[in-house]
Amino acid sequence: MLMTTRIRNVLAQFLRCKNPPAPVLRPGLVDPGVAQNAKHPARHRRTRPQLIRPRQSALDRNMHEVIRVVHTARQCPGEAPQPRQQADNLLAKVFTQCRHAVCGPILKIICPLLIITVQTAHAQVGVPNVRLPALPQPQLPDVARTLSGTVEQVDLEALKEVRRLRLRDLVRRNRATLEVDPNGAPIVRGELLAVSPPDTELNAALAAGFTIVRVRTLEGLDARIVVLGVPKGLDTQHALLRLRELVPTASLDFNHIYTDSGSGEPVPQSNEPAENVGTVAKLPARLGLIDSGVDVGHPVFKDIPIHQYGCAGSPVPAPHGTAVASLMIGRSAEFHGASPGSELYAADVFCGLPAGGAADAVADALGWLARQKVAVINVSLVGPSNAILEAVVRLVVARGHLIVAAVGNDGPAAPPLYPASYPGVIGVTAVDTHHRVLIEACRGPQVKFSAPGADMSAAKSTQTFELVRGTSYAAPIVASLLAGALREPDKEGAARAVDDLARSAQDLGAAGMDSTYGYGLVGAALAPGVRLAGSRAR
């Protein structure tokens, strides 16, 4: 742009004036590439050959000014000096011969054409071939390593922020239905929960302006959950304080939101030797699942009994629930879950809604599975502690059911997530094919077992398979193993099944039970191979 403007100014001066004044001479160019001054090469002033003779006319000076502008625009800082003077002198000769050959109006036509030629030639000037010194080749890490192999390169504290930012974005996009509690956890706006409140206390709350939004009767647990709407003029947090005064004997809390504990995102394919289709459980069992909806039309669920619940009888299939279910009971020519062909009772607590996964929906699903007498229930959801959900979990565990839950993917420095951290729940973490815990997996006393949770395939709701990663996908393997040992709800039988599985676990990490691997690794051979990822199910 600078070159074009200066050429235009010189040309305009030439065309307007019969004898235009000679341009002001500029100092010689500084060329950092000249090495005549060894100590300060960049300060050395380059001596250039004179293009303009002492007796030349104003026209010659203007033409040489054009050449000098073009030459300056072509020169890059730090560029090695090139033998360009010959080309410049040749162009000067062309202008001089043109001046002697033509004159008058014809000259005014020829000069612009020559200048345009200069610009075109400049645009086509190639970069000179410069031999660069050979650079050292850095040793790159093995790309086949999974994320858990790069623990020293990851900011562990930053992992805690991933879930917080995700949930904050969820609330921001659904402000009409969601808000946050004092700890920043998402809750359903304007709703509070009460477990089996006495009628007299409930009537007092209604008289104070609270309303009944819905009632969930947990027949299998002899309990009910009342969802109350807050009075007008009160925000949800102050309404909870008021409700505790009116209903002091019942468990009360916000209606917290629970989300899946798996990434749900495609992960890079690893070159790991995990091509087995799994060593499957010996006998079909009955398994419970609380998650999003299952795509029962996927080929891996063909001819398998699946009972669905929730969403007013119309569950909404989703990738997460479909993947988790396939790892439990899926079965096809190339794919086997941990307990292929087993009967599945699947509760959809999301229904495709932004406020899906609410605590009252999870509690209601637990009540339904208790009614169906499903002994082992997998919950690959995580969220904050909630008094209502804790009370329901306590009732289910007391009746001899086993609840298996993913510990979450917020990182080793994250606080405990629920329901995995409730007493009596079997918390599961995830390992890769090298039996190393995933870097994003939560740690703590809630971890009871570890299972494969990376470098494996699962069903996708688009009739294909995808790679999955996270504790969400390790929990169904443990649940399937326990379901093979516990056919009916039984408190003593549940404890025995856990003890037997603990004795068969491969001890990892510190000797004995630890906060990273729990009792150790189980189901190492049950992870479907990565080769299925991206292929269409048959």
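Of all positions in region 388-396, none carries a residue that is more than 19 Å from ASP360 (Cα to Cα) and either over 18 Å from the mean Cα position of the chain (by Cα) or among the small types (Gly, Ala, Ser) (or both). When the criteria are applied in full, LEU501 fails the requirement of being surrounded by fewer than 24 Cβ atoms within 10 Å (Cβ to Cβ) and within 30 Å of the chain's Cα centre (by Cα).
Among the residues of region 519-531, are any closer than 22 Å to THR433 by Cα, free of Cβ contacts under 8 Å to residues at least 24 places away in the same chain and part of a loop (DSSP other than H, G, I, E, B)? Looking through region 519-531, none of the residues is closer than 22 Å to THR433 by Cα, free of Cβ contacts under 8 Å to residues at least 24 places away in the same chain and part of a loop (DSSP other than H, G, I, E, B). For GLU466, state whether it is among the acidic types (Asp, Glu) and touching a strand residue (DSSP E or B) at 6+ places or on another chain (Cβ under 7 Å). Criteria met by GLU466.
Residue count for region 319-342, restricted to those that are of a type outside the set (S, T, N, Q), over 14 Å from GLY523 (Cβ atoms) and surrounded by fewer than 24 Cβ atoms within 10 Å (Cβ to Cβ): 5.
Enumerate the strands (runs of 3 or more DSSP E) found wholly within region 353-471, keeping only those where 2 or more residues are surrounded by fewer than 24 Cβ atoms within 10 Å (Cβ to Cβ).
Passing ranges, in order: 464-468.
Being modelled with pLDDT under 95 and of a type outside the set (Phe, Trp, Tyr): is that true of THR433 here? In short, yes.
If you scan region 167-184, which residues turn out to be without any contact (Cβ under 8 Å) to a residue 60 or more places away in the chain and assigned to a helix (DSSP H, G or I)?
Scanning region 167-184 gives ARG168, ASP169, VAL171, ARG172.
For region 504-518, the candidate set comprises residues that are of a type in the set (Gly, Ala, Ser) and assigned to a loop (DSSP other than H, G, I, E, B); within that set, the residue that is surrounded by the most Cβ atoms within 10 Å (Cβ to Cβ) is ALA505. Got a number for residues in region 241-299 being crowded, with 22+ Cβ neighbours inside 10 Å, at pLDDT 50 or above, part of a loop (DSSP other than H, G, I, E, B) and not hydroxyl-bearing (Ser, Thr, Tyr)? So the answer is 5.
Applying the set (1) modelled with pLDDT of 95 or more; (2) within 21 Å of ILE257 (Cα to Cα); (3) of a type in the set (D, E, K, R) to ASP199 leaves exactly one unmet item: (2). Residues of region 472-484 that are farther than 15 Å from GLY288 by Cβ and part of a loop (DSSP other than H, G, I, E, B): ALA474 alone.
Does region 441-462 contain at least one residue that is under 18 Å from VAL382 (Cα atoms), assigned by TED's automatic domain parsing to the domain that holds ARG286, within 19 Å of the chain's Cα centre (by Cα) and among the aromatic types (Phe, Trp, Tyr)? No, every residue in region 441-462 fails to be under 18 Å from VAL382 (Cα atoms), assigned by TED's automatic domain parsing to the domain that holds ARG286, within 19 Å of the chain's Cα centre (by Cα) and among the aromatic types (Phe, Trp, Tyr). Do we find a residue being over 26 Å from ILE290 (Cα atoms), surrounded by fewer than 18 Cβ atoms within 10 Å (Cβ to Cβ) and of a type in the set (D, E, K, R) anywhere in region 190-204? Yes, region 190-204 contains a residue that is over 26 Å from ILE290 (Cα atoms), surrounded by fewer than 18 Cβ atoms within 10 Å (Cβ to Cβ) and of a type in the set (D, E, K, R). Every listed requirement among (1) modelled with pLDDT under 95; (2) surrounded by fewer than 22 Cβ atoms within 10 Å (Cβ to Cβ); (3) assigned to a loop (DSSP other than H, G, I, E, B) is met by ALA312 save one, (3).
Residue under question is ILE329, and the condition is that it be under 18 Å from ALA474 (Cβ atoms) and touching a Ser or Thr at 6+ places or on another chain (Cβ under 8 Å); does it hold? Considered against the rule, which asks whether it is under 18 Å from ALA474 (Cβ atoms) and touching a Ser or Thr at 6+ places or on another chain (Cβ under 8 Å), ILE329 comes out as yes.
Selection of first residues in region 229-258 that are acidic (Asp, Glu) and of second residues that are at pLDDT 95 or above and surrounded by fewer than 22 Cβ atoms within 10 Å (Cβ to Cβ), restricted to Cβ pairs under 6 Å at least 6 apart or on distinct chains, gives the following pairs, ordered by first then second residue: ASP253/ALA387. Among the residues here, GLU492 does not qualify as outside any loop (DSSP other than H, G, I, E, B) and under 21 Å from ASN409 (Cβ atoms).
The values are calculated or read from the model by the stated rules, or taken from the named source; none is laboratory data. Note that the structure is predicted; figures quoted are calculated from it, not measured. Please note: Cβ atoms are built from the backbone with ideal geometry, for glycine as well, and neighbour counts cover all protein chains shown.
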